[in-house]
Each structure stands twice: as C-alpha cells, then as structure tokens.
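Heads up, the thing below is written out as structure tokens.
The values are calculated or read from the model by the stated rules, or taken from the named source; none is laboratory data. Note that this is a predicted model, so its numbers are computed, not measured. When we count neighbours, we look across all protein chains shown, and the Cβ atoms used for this are built from the backbone with ideal geometry, even at glycine. Surface areas here come from the heavy atoms of the whole protein model, side chains and all, with no ligands, DNA or RNA. Shrake-Rupley method; radii C 1.70, N 1.55, O 1.52, S 1.80 Å.
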Amino acid sequence: MPNCPPQSNSPQSTCSSSQTKANLLRERIQSCQGKQFALIPYNPGFHFVLIVVDLSHMDVYWLDSLHGEPQSELKILVNNVLMAYKMIQGTKIHKSICWQCIKGPRQPNGSLTCGFYAMRFMKDMMEDSEQTVAAK
C-alpha cells in the first residue's frame, strides 16, 4: 500500500500513487508563484527525466536523456493538474496544452547518469533564461 498523507487515514479515503503524484505536481506548480517555468525532476521508474512546464504559455517539455516518450497516463495527470491550476488562478486556458519532447544530449547506453542529465538540463535552463526551452 502506498504511503498516504496523515489526513487520509479514514476508512473511506483511498490513496493511490496517481493521487500522490498529482498532489506533488500541484504543490510544485503552486510554489512557482507566478514564475514562468516550473522545473520538475521526475522518475517514471528507475530513470530520471525533467519535465519543464511553461506556465505562461501552458506548454510542457519532456527532457529525457534516453530520448523516451512520456506515458499517456502522465500526460493526462499533468494536463489535469495544469487545468486545475489555471482554474484556481481564475484564468482560462485559451489553447490546448502542448507537449514537446526535446532531444538533448543522450546518455550512453547502460550508464546510470540520468540524474546528472536531468540536473544538467535544469542548470542550462537557469543559466540562460532568455533562451527558449526548445533551443536549449
């Protein structure tokens, strides 16, 4: 059974891993407090990737050093969290949320350096905030 937040220990409440992920995503996005980008390191299973959310344009960038694609469940989860975030802010989404897979440097096959690549993607974003995510 997944670890549930302390407030959800009543018999009627259930805690799923997707609920936990949604809560963590919501907290990360809300903590941005009006900043343009949310940088979200994510481990879909024994491999770190970076999800970058452009909060002003509602674009999501997937940076994976193995050049994999995001799972459809994750896309739905992130899209739902973003729509809820905009509703809480009182703003409407004027276009559909666009996902882009960015093909950055590729880690060598068999190496365990995915965390390094995710951190490097974040460092590059922080160093040159004028450049777009896709151009990095």
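In summary, the aspartates and glutamates within cross-link reach of residue 35, defined as a Cα separation below 12 angstrom excluding same-chain residues under 8 places away, comprise 54.
For region 17-131, which whole-number percentage of the solvent-accessible area (1.4 Å probe, protein heavy atoms only) is attributable to carbon and sulfur atoms? If you can, show how the numbers build up before the last one.
Details: 3980 of 7010 Å².
Here it works out to 57 percent.
Assigning unit charges at the beta carbon (Lys, Arg +1; Asp, Glu -1) and nothing else, what dipole magnitude in debye, to the nearest 20, does region 42-136 show about its Cα centre?
Details: 9 positive and 9 negative charges, 32 e Å.
Rounded to the nearest 20 debye, it is 160 debye.
Accessible surface calculations at 1.4 Å, restricted to protein heavy atoms, place region 40-136 at 59 Å² per residue. Direction-averaged projected area, Cα convex hull, region 17-131: 7.3 nm², rounded to one decimal.
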